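Worksheet: one structure, shown below.
Nothing in this text is a laboratory measurement; each read-out follows from the coordinates by a stated rule. None of these values were measured; they are calculated from a predicted model. FYI the Cβ positions are ideal-geometry reconstructions off the backbone, even for glycines, and counts take in every protein chain you see.
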């Protein structure tokens, strides 16, 4: 486990997966005058290579090295991302059009991630938590919706020392700047902010070299996002012949 940066070089915590959305959030936070500490997790995911990308992305944005925590989600199971079942190909109607919760949903993942982000923030007396969820291209995950964020924020204030202290202003601030954006809008925003999107990895089933499968839900959302944004896609895809 990598510890906190030993100085005061950050003023907020940002959940970072090495993907397109969370990387764009890091850049947005910087553009708004913040210096977030990236927080990422090794939780038994098949695509754990993504944690390597977080370090590269943090360096490219001149941010502190990420705090990396280990979680035993692989012992819990219940998700294709944890090896419980094969990673499904993107459905014919597209990930954002489905009604059922997909097999790649990890039980309570954002609930746990945000709870640990609040703990990390409270330990260092910072109050802003950044997260890259969005409600438009959210693949059917219930923990990416605005109503979940609102409920979590209330729980954070009720269940922490800082949050429960009497004050004129609530202590915790949950920053979710992508929540109403489409994937194309996210890509345009990242490009305008000068993000090197070739460093990001969104695939659920990359190979050992970090090449994307091109077939999963996440690859489909990403690929269409670049097409709709009319921006060249820097993603390295596997050659399926």
Using every alpha carbon pair in the chain, what percent of pairs falls into each 5 Å bin from 0 up to the bin containing the largest distance?
-> 1, 6, 14, 19, 21, 18, 12, 6, 2, 1, 0, 0, 0
Report, in degrees rounded to the nearest 10, the 0 to 90 angle that the Cα long axis of helix 217-229 makes with the longest principal axis of the chain.
-> 90
Efficiency of FRET between residue 119 and residue 60 - r from beta-carbon atoms, R0 22 angstrom, step 0.05 | 0.20
A student asked for the Cα radius of gyration and Dmax of the range 34-130 in angstrom ought to give 15.6, 46
Based on other C-beta atoms within 10 Å, arrange 152, 34, 41 from fewest to most.
-> 34, 152, 41
Gain in span if fully extended, residue 169 to residue 70, counting 0.36 nm per residue against the direct Cα distance | 32.3 nm
Once all Cα-Cα distances of the range 102-241 are split into 5 Å bins that start at 0, what whole-number percent is in each one?
-> 2, 9, 16, 18, 17, 15, 11, 7, 4, 2, 0, 0, 0
Rounded to the nearest 5, the percent of DSSP beta bridges in the chain running antiparallel is 5
Rounded if a/c is under 1.5, else prolate if a/b is larger than b/c, else oblate: which is the range 178-218, with a ≥ b ≥ c the root eigenvalues of its Cα gyration tensor?
-> oblate
Using 0.36 nm per residue, how much length does the chain from residue 227 to residue 239 gain when fully extended, once their Cα-Cα distance is taken away?
-> 2.3 nm
Hey, fewest Cβ within 10 Å first, where do 82, 154, 37, 116 land in order?
-> 154, 116, 82, 37
